[in-house]
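The next block holds one structure in the form of structure tokens; read it before the comments.
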Amino acid sequence: MKGVMLVGGEGTRLRPLTCNIPKPMVPIANRPFLEVMIGQLKAHGIDEIILCMGYLPDKIRSYFGDGREFGVRLTYVVEASPLGTSGAVKNVEQLLDDTCFIFNADIITDLDLTAMLRSHRERGAKVTIALTPVEDPTSYGVVETAADGRVRRFIEKPAPGEATTNLINAGTYVLEPEVLSLVPPGVFHMFERGLFPDLLQRGDPMFGYPSRCYWIDIGTPQRYLTVHRDLLGGQVAMALPGAKLGDGIWAEEGVRIDPTAQITGPVVLGRGCVIGGQARVTGPTVLGANCEVGAEATVEGAVVWRNARIGQRVVIRSSAVGEGVCLAEGAWLTGGVVVGDGACIGADNRLEHGARIWPGKTLEPGTLTF
Ligand code: GDD
Ligand code: MG
């Protein structure tokens with residue numbers, strides 16, 4: 001079975017985490033998001049995957065190659081300029097000969113794809129859209145359906161008060177490739193504002209597939225932290241990397257923990273992490289490979305990418321830290337701070353309130369306090 005993944009977005013809302021890598025390469029518990037997703041697709045028999053790319057495609061290609069190592073066959077198609085969601089699929093139309101899946105590639109879900117495909121076939125749909133309930137639908141595509149599941153209206157990013165349901169487009173579609181004949185070739189075109197409304201107008205059978213599975217779009221720093229909290233908290237059916245050391249502690253090879261350090265799960269420690277004396281690492285926290293946590297440092301509710309140097313008495317709470325970041329003695333990051341790759345936070349800086357530090361930047365000691 002074939003699946004098309006839309007991986008062309010720039011991931012602007014996740015910056016600075018996505019300044020150097022595209023959103024699909026952002027690690028989820030120390031594995032690139034796309035690797036997690038490929039594993040799920042494979043489990044449902046989707047083993048021929050076409051990647052429609054735009055932003056930083058080589059970072060994806062060099063990691064996954066032809067896909068063999070991951071048990072799938074990958075085809076890469078790079079757009080010279082962004083073609084939009086349906087425009088990107090139109091661009092690979094010649095590779096699609098049968099019913100296929102289309103995926104927004106920034107969603108963590110345990111949706112039952114096999115059951116969704118069955119429903120698509122049973123109802124003779126041209127398109128089936130996975131639906132999920134959310135609290136605030138304004139940053140999504142709202143999908144109104146009739147009692148039999150047929151889509152009646154599709155409103156992308158509705159204004160507050162405009163949505164009549166909290167069921168939104170969950171970013172997974174089953175599609176009959178014939179509908180692509182409605183998409184003009186070589187131009188920017190979107191499912192959400194173009195093809196879906198067009199199909200509705202024609203009266204083609206388009207159905208919603210609602211489910212109460214786990215679902216989250218990882219596209220903002222806040223949601224990136226939330227997905228880790230949920231994943232480590234066992235709310236998503238997904239294995240965590242490494243061996244289980246103790247209650248809620250997963251550690252990959254070569255981890256060294258000082259006997260006076262206090263690790264409270266759920267915590268994932270990447271390969272080669274070193275945790276210093278009297279340091280406290282409290283879940284839900286993920287440390288990437290080769291992170292060093294200094295003496296008496298506190299890391300809590302954080303996601304830290306590989307090669308971070310966390311100095312003595314540093315405090316990181318509810319924040320995300322990119323690759324190779326250096327946090328000098330006594331630095332504080334709390335409340336949704338995001339630090340880009342290779343940044344250096346000098347001693348005794350205090351960052352709060354979702355501050356974002358761009359990759360490679362240096363904050364001199366004691367520059368910022370709140
Ligand atoms: N190849 C390609 N080309 N991919 C693209 C392009 C493009 O021009 N533009 C966006 N994408 C990819 C993104 O990489 C992402 O995987 C997916 O299409 C959706 O784009 P987002 O930018 O993440 O859209 P969104 O989150 O605002 O809204 C979409 O997803 C929601 C669910 O999370 C819409 O489909 C909404 O209707 C939906 O509710
Ligand atoms: Mg998105």
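Please treat every number below as a calculation from the coordinates, not as lab data. Note that the structure is a prediction, hence the values are computed from the model and not measured. All Cβ positions, glycine included, derive from the backbone under ideal geometry; neighbour counts span all protein chains shown.
Couple of notes before you dig in:
- Over 18 Å (Cα to Cα) - which of K42/K90; K2/K90; K23/K361; K42/K126; K90/K126 fall in this group: K42/K90; K23/K361; K42/K126
- Rounded to the nearest whole Hz, the Karplus-based 3J(HN,Hα) values (6.51 cos²θ - 1.76 cosθ + 1.60, θ = phi - 60°) of the stretch 322-336 follow the sequence x, 6, x, 6, 10, 10, 7, 2, x, 5, 10, 10, 9, x, x, with x at glycine and proline.
- Around the Cα centre of the stretch 274-370, unit charges on the Cβ atoms of Lys, Arg, Asp and Glu (plus for the first two, minus for the last two) sum to a dipole of about 120 debye.
- As a calculated quantity, the FRET efficiency between V78 and E135 at R0 = 56 Å, using C-beta atoms, amounts to about 0.95.
- Whole-Å distance, taken between Cα centres, linking the stretch 264-309 and the stretch 40-92: 33
- Within straight-line reach of K244, meaning a Cα separation under 15 Å, sit the following aspartates and glutamates at least 8 residues removed in sequence or on another chain: E252, E253.
- The GluC sites (Glu not before Pro) of the stretch 181-268 that meet both conditions, a loop assignment by DSSP and at most 15 other Cβ atoms within 10 Å of the site Cβ, are E253.
- Taking S211, S318, S86 in turn, the Gaussian network model of the chain (Cα-Cα springs below 10 Å) assigns the largest fluctuation to S211.
- Each residue of the stretch 75-82 was assigned a 3J(HN,Hα) from its phi angle through the Karplus expression (A = 6.51, B = -1.76, C = 1.60, θ = phi - 60°), giving 10, 9, 10, 9, 8, 5, 9, x Hz with x at Gly and Pro.
- Förster-model FRET efficiency, 22 Å R0, Q278 and R309, C-beta, rounded to 0.05: 0.80
- Neighbourhood charge, 13 Å Cβ-Cβ cut-off, centred on I108 and excluding it, Lys, Arg +1 and Asp, Glu -1: -1
- For the chain, built as a Gaussian network whose Cα springs stay under 10 Å, the top-fluctuating residue of A297, A355, A146: A146
- Helices in the chain, meaning DSSP H runs of at least 4 residues, each add -39500 (n - 2.57). Divided by all residues, the mean residue ellipticity at 222 nm is -4000 deg cm²/dmol.
- Sequence-ordered 3J(HN,Hα) estimates for the stretch 8-24 from the Karplus curve with 6.51, -1.76 and 1.60 and θ = phi - 60° stand at x, x, 8, x, 4, 6, 9, 4, x, 5, 9, 6, 10, 9, x, 3, x Hz, glycine and proline given as x.
- Charge dipole magnitude, Cβ of K and R +1, D and E -1 - the chain, Cα centre, debye nearest 20: 180
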